[in-house]
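Comments concern the structure below.
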Amino acid sequence: MLNIKKMTQQNELSDLKTAYFNASTGPLDGMWHFGFAPMAQHFGFYESEVLVGFCCINSEKYLLQFYLSEIANTLPSELFTLIINNESETVGEVKGAFASTAEPQYLSLCMDGSTAHSVNALMYQHCEDKIVREAEEIELILANYDQLNSLVDFAFEAIDAPKEWLTSYYTRLISRDELWYWAINGSIVATGECRLFDEHQTQFADLGMIVSTEHRRQGIATRVLEQLVMITKRKGLNAICSAESGNIGAQKAIHKAGFKALNRIVQFDFSHR
C-alpha cells in the first residue's frame with residue numbers, strides 16, 4: 001500500500017531527483033526546476049516506509065514535478081489520477097500542472113488527465129556550430145554588490161518584478177558571479193545572467209537577459225546572448241535558455257543568437273476534464 005506524506009526536508013529526495021533528471025530527454029528549464037520547484041510543497045510517496053517517489057505543488061495548486069521509481073509496485077497512472085482527482089487528503093486540491101516535453105512520463109500522465117493545455121514557454125539549446133559575430137561584440141561587465149540597487153531598479157522598470165524578490169535574486173547571482181550588465185554612458189541598458197547548476201545537468205548553463213524598454217528592437221538582446229554564450233563556452237559548458245510563448249521579440253532574439261527551440265513547457269488545466 002502506498003502512503004503520501006508531506007515532506008519538510010527536500011534533501012531526502014536527492015537520489016529520486018537525480019533519477020528524475022536522468023530520465024529527461026534534454027536539459028530542464030533552470031528557473032522552473034531550481035527556482036520555482038524548491039519553493040513548492042513536496043510530497044513523498046512511500047511503500048512499506050520506503051520512499052519510492054515524489055511530487056511538488058506550488059502555491060497556486062499546480063504540479064511542477066512528479067516521479068515514481070521503477071521499484072514501486074503502484075502504477076504511476078493510478079497514483080497520478082488519484083492526485084489530480086483531489087482524492088488525497090494529504091495533497092489536497094490540484095488545479096493543473098506544468099510539464100515539459102523533455103519529461104516524457106510526467107508529460108504523458110498530464111496529457112491523459114487533461115483535455116485543456118497550452119504552451120507556456122519555449123525551451124532552447126544553443127547550436128554548437130554557431131559562430132558569434134565578433135564585429136558586434138559588446139562589453140558585458142560582471143556585476144558586484146555596488147551595482148545591486150541600480151540593477152534592481154533597472155529590472156523593476158523593465159519587467160515590473162517585485163523589488164524584494166529582485167534584491168534577493170540578484171544578491172545570489174552576484175555572490176556566484178552569474179550576473180552581468182551593459183551600460184551606455186553610465187546607464188544600464190541590459191543585463192545578462194549565466195546561471196550554473198550545482199547538481200543535475202551540470203554540463204549546462206542557463207542564460208537570461210533583460211533589455212530596457214527604450215532600447216528594445218535594436219538587436220541588443222541578441223548581442224547580449226551571444227556574449228553570454230561565449231562566457232558559457234569559456235567555462236566548458238553548453239548554453240540553454242527559455243522564453244514565454246507570447247514573447248515573440250525574445251524568441252526572435254534567441255533564434256538569431258544561434259539557439260533552437262527543441263522543447264516546450266506546457267500548462268495543463270485539470271478543471272476542464
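Each value in this text was obtained by applying a stated rule to the coordinates, not by laboratory testing. Every value quoted in this text rests on a predicted model; they were computed, and no experiment measured them. When we count neighbours, we look across all protein chains shown, and the Cβ atoms used for this are built from the backbone with ideal geometry, even at glycine.
If only the Cβ of Lys and Arg carry +1 and only the Cβ of Asp and Glu carry -1, the dipole of the chain around its Cα centre is close to 580 debye. Other residues within the sphere of radius under 12 Å centred on the Cβ of Lys163, judged by their own Cβ, net out at -4 (K and R +1, D and E -1). Near Ser100, once Lys and Arg are set to +1 and Asp and Glu to -1 for all other residues with Cβ below 11 Å from its Cβ, the sum equals -1. The overall shape of the stretch 161-236, judged from the alpha-carbon gyration tensor, is oblate: a/c is not under 1.5, and a/b is no greater than b/c.
Return the FRET efficiency for the residue pair Tyr145, Met230: r is the Cβ-Cβ distance, R0 is 30 Å, and the value is rounded to the nearest 0.05. Can you show the working numbers first?
Details: r = 25 Å, r/R0 = 0.82.
About 0.75, to the nearest 0.05.
Once a ≥ b ≥ c are taken as the square roots of the eigenvalues of the Cα gyration tensor of the stretch 128-257, is the result rounded (a/c under 1.5), prolate (a/b larger than b/c) or oblate (a/b not larger than b/c)? Because its axes are fairly even, with a/c under 1.5, the stretch 128-257 counts as rounded. Pairs of Lys residues in the stretch 128-257, spaced 8 or more positions apart or belonging to different chains, with C-alpha separations under 24 angstrom: 7 in total.
Which of the three applies to the chain, rounded, prolate or oblate, going by the alpha-carbon gyration tensor with a ≥ b ≥ c and a/c under 1.5 meaning rounded?
Working: a/c = 2.06, a/b = 1.97, b/c = 1.05.
It is prolate, given that a/c is not under 1.5 and a/b is the larger ratio.
Distance between the pseudo-spin-label points of Ser245 and Met7 (7 Å out from Cα toward the beta carbon): 2.9 nm.
Straight-line cross-link reach from Lys17 at under 15 Å between alpha-carbon atoms covers these aspartates and glutamates, not counting any fewer than eight positions away in the same chain: Asp29, Glu70, Glu103, Asp198, Glu199. Other residues lying with their Cβ under 14 Å from the Cβ of Leu28 contribute a combined charge of -1, Lys and Arg counting +1, Asp and Glu -1. Inter-label distance, Thr25 to Ala183: 4.6 nm, where each label sits 7 Å from its Cα along the C-beta direction.
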